[in-house]
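The values are calculated or read from the model by the stated rules, or taken from the named source; none is laboratory data. On a predicted model such as this, the values are computed, not experimentally measured, just so you know. Neighbour counts run over all protein chains shown; Cβ positions are idealised from the backbone, glycine included. Calculation scope for accessible area: heavy atoms of the full protein, side chains included, ligands and nucleic acids excluded. Shrake-Rupley method; radii C 1.70, N 1.55, O 1.52, S 1.80 Å.
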Amino acid sequence: VPADEALELGLIDSIATGDADALTLACSLAREAIASDGTLREDAAVTKAFRQRHAQLEEWRKPDPHFADDQLRSIIAHPRIERIIKQAHTVGRDVAVHRALDAIRYGFIHGFEAGLEHEAKLFAEAVVDPNGGKRGIREFLDRHSAPLPTRRPLISREQEQLLLEQKELLPIGSPFFPGVDRIPKWQYAQAFIRDPETGAAMHGDPIVAEKQIIIPVERPRANQALIYVLASEVNFNDIWAITGIPVSRFDEHDRDWHVTGSGGIGLVVALGEEARRQGRLKIGDLVAIYSGQTDLLSPLVGLDPMAADFVIQGNDPPDGSHQQFMIAQAPQCMPVLPDMTLEAAGSYILNLGTIYRALFTTLRVQPGRTIFIEGAATGTGLDAVRTAARNGLNVIGMVSSPSRAATVLSAGGKGAINRKDPAIANCFTRVPEDPSEWAAWEAAGHPLLEMFRAQNGGRLADYVVSH
Ligand SMILES: NC(=O)c1ccc[n+]([C@@H]2O[C@H](COP(=O)([O-])OP(=O)(O)OC[C@H]3O[C@@H](n4cnc5c(N)ncnc54)[C@H](OP(=O)(O)O)[C@@H]3O)[C@@H](O)[C@H]2O)c1
């Protein structure tokens, strides 16, 4: 239960917000409760909570077999609980669920103290059970735990229709006027998900694994902006994340959905307190969104943003730009370059940012030198060709067809090598493990070097960009 809901439900008395903290707040409440003579002040919030808690404990201690028979049965039959029990059965956690239900039922029938004792006994049994705690701990440490039940809100067609009518969900492509239109509670997103039945990660071919889902719209925290996305790029990251190759992103966060998309363009619709105070961004601004996020408060952030817990939204964290209302850190929001379509402005930043860093931070390229670029006719490779050529380098690109070679030349390249050319097509093999085979392996690559020298005045490259 989120803190504000817990407050509304009366489960808690206050929340420490802003510059208040829980310890200071708790101490000041305790001070208010204790009178100068050391007795409790009956009108203080803490005293009231203390008295209420003790009264409740008395109540809880009494056995209530009627509840176990009647209400507990209907709670267990609730569709949400039923779904969790079914999921536990699918992944082989029946015994654990039975133990938990047994502990609850026993407590109601025999009273709280006896219930706790019974729970301790069941827990001890579970810990030593070779198919229970022992297996569970081993699987957890090996990162092979069976999936847990999902918590994604499952919106039915009828609920979706109702939300659309109430304008708590907007059809994709709806006009939205920041500051004028109400921010809806729900939104459409493109994501890959955990199976709601089994909890298993549903990776696969993007065309089937990426799904349209309905998720809540989040509110920005202090340094963040909420953005209504107008256009969003499709990037190689999406493919890695959706296919789960080389790793499943679900192993890195505990959301049951992962919204793809690494950057785009959109309108600022809400700002956190600090972002608003800074004044650079305002509601209604059109911004291009860079997908790189950092720990903004890290002391290393000024040294190199990539040293401060750098992640790419949509690839690492599950809140990418393929959703209607995305959260971005304020520094991710960039001015939009003039003379660009919305689609173009929403799709170049990650590619170009990656290449800028490769060329100018890592390689520190100098004009007049030669650079060899792999995958030179598409994506990052093509941006590398354009950027290097415009900075005065001789660019030779590796491609897989004559038409891709033409793309490299038209982007400013001086030459191209077709890796499918029969003269070299078979030279791209692994370095043999046996050192006695190394000389032959190197010799097989000579035609590639010759092809390169022939296009570069007899010289090899000063720099190489490879994927
Ligand atoms: N896009 C980004 O913003 C970004 C950011 C960080 C990292 N990356 C990483 O950079 C890599 C490329 O991303 P991208 O967006 O540029 O993808 P892309 O547009 O699909 O480019 C991949 C290139 O790889 C080449 N290629 C395919 N098989 C090859 C092989 N066997 N040998 C040599 N080249 C081969 C292809 O060119 P030919 O078939 O013509 O040779 C193609 O141009 C990915 O690993 C991606 O994760 C991308």
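Some notes on this structure:
- In summary, ALA384 fulfils each of the numbered conditions (1) buried (at least 16 other Cβ atoms within 10 Å of the Cβ); (2) more than 10 Å from the ligand (Cβ to nearest atom); (3) among the aliphatic types (A, V, I, L, M) with the single exception of condition (2).
- Failed condition for THR361, given (1) open to solvent by 50 Å² or more (accessible area, probe 1.4 Å); (2) touching a residue at least 40 places away in the same chain (Cβ under 8 Å); (3) under 28 Å from the mean Cα position of the chain (by Cα): (2)
- The listed residues are ASP256, ASP316, and the only one of them that is charged (D, E, K, R) and more than 14 Å from the ligand (Cβ to nearest atom) turns out to be ASP256.
- If the condition is being surrounded by 13 or more Cβ atoms within 10 Å (Cβ to Cβ) and either of a type in the set (Val, Ile, Thr) or out of contact with any Leu (no Cβ under 9 Å at 6 or more places or on another chain) (or both), then the range 96-115 contributes ALA96, VAL97, HIS98, ILE104, ILE109, HIS110, GLY111, ALA114, GLY115.
- Pair list, Cβ under 9 Å, 6 or more apart: the range 411-435 residue over 26 Å from ALA388 (Cβ atoms), other residue surrounded by fewer than 11 Cβ atoms within 10 Å (Cβ to Cβ): PRO432/ALA440
- Residue in the range 266-287 that is assigned by TED's automatic domain parsing to the domain that holds LEU169, open to solvent by less than 70 Å² (accessible area, probe 1.4 Å) and within 15 Å of the chain's Cα centre (by Cα) present: no
- Pairs linking a residue in the range 228-254 that is open to solvent by 80 Å² or more (accessible area, probe 1.4 Å) to a residue that is not aliphatic (A, V, I, L, M), with Cβ atoms under 7 Å and 6 or more positions apart or on different chains, are PHE236/GLY379; TRP240/ASN315; ASP251/ARG143; GLU252/ASP316.
- Residue within the range 59-69 that is modelled with pLDDT of 90 or more and among the aliphatic types (A, V, I, L, M) present: no
- Residues satisfying the stated conditions in the range 364-381, i.e. within 31 Å of the chain's Cα centre (by Cα) and buried (at least 17 other Cβ atoms within 10 Å of the Cβ): ILE373, GLY375, ALA376, ALA377, THR380, GLY381
- Condition check for MET340: within 16 Å of the ligand (Cβ to nearest atom) and over 19 Å from the mean Cα position of the chain (by Cα): no
- For the range 128-153, filtering for residues that are exposed (fewer than 12 other Cβ atoms within 10 Å of the Cβ) and touching a residue at least 24 places away in the same chain (Cβ under 8 Å) leaves 2.
- Answer residue from the range 345-381, given it is assigned to a strand (DSSP E or B) and of a type outside the set (A, V, I, L, M) and is nearest to the ligand (Cβ to nearest atom) among those: PHE372
- Residue tally, condition farther than 16 Å from VAL464 by Cβ and either part of a helix (DSSP H, G or I) or of a type in the set (Asp, Glu) (or both), over the range 390-408: 7
- Selection within the range 126-145 - outside any loop (DSSP other than H, G, I, E, B), under 25 Å from ILE81 (Cα atoms) and more than 25 Å from the chain's Cα centre (by Cα): ALA126, VAL127, GLY133, ARG135, GLY136, ILE137
- Candidates ALA454, ALA384, ALA406, ALA439 - the one that is modelled with pLDDT of 95 or more and touching a strand residue (DSSP E or B) at 6+ places or on another chain (Cβ under 6 Å): ALA384
- The requirement of being more than 15 Å from THR378 (Cα to Cα), at pLDDT 95 or above and in contact with a strand residue (DSSP E or B) (Cβ under 8 Å, 6 or more places away or on another chain) is not satisfied by GLY445.
- Filter result for the condition that a residue is modelled with pLDDT of 95 or more and in contact with a Gly (Cβ under 7 Å, 6 or more places away or on another chain), over TYR228, TYR188: TYR228
- Pair list, Cβ under 9 Å, 6 or more apart: the range 154-182 residue more than 17 Å from PHE325 (Cβ to Cβ), other residue in a loop (DSSP other than H, G, I, E, B) and open to solvent by 70 Å² or more (accessible area, probe 1.4 Å): none
- Put simply, of LEU169, LEU148, LEU154 the only residue that is over 30 Å from ALA225 (Cβ atoms) and in a loop (DSSP other than H, G, I, E, B) is LEU148.
- Scanning the range 250-273 for residues being among the basic types (Lys, Arg) and closer than 20 Å to HIS467 by Cβ gives a total of 0.
- Test: residue in the range 388-410 that is surrounded by 24 or more Cβ atoms within 10 Å (Cβ to Cβ), more than 10 Å from the ligand (Cβ to nearest atom) and within 35 Å of the chain's Cα centre (by Cα): yes
- Failed criterion for LEU164 (all others in (1) assigned to a loop (DSSP other than H, G, I, E, B); (2) assigned by TED's automatic domain parsing to the domain that holds GLN190; (3) open to solvent by less than 50 Å² (accessible area, probe 1.4 Å) hold): (1)
- Residue in the range 318-331 that is assigned to a helix (DSSP H, G or I) and under 29 Å from TYR188 (Cα atoms) present: yes
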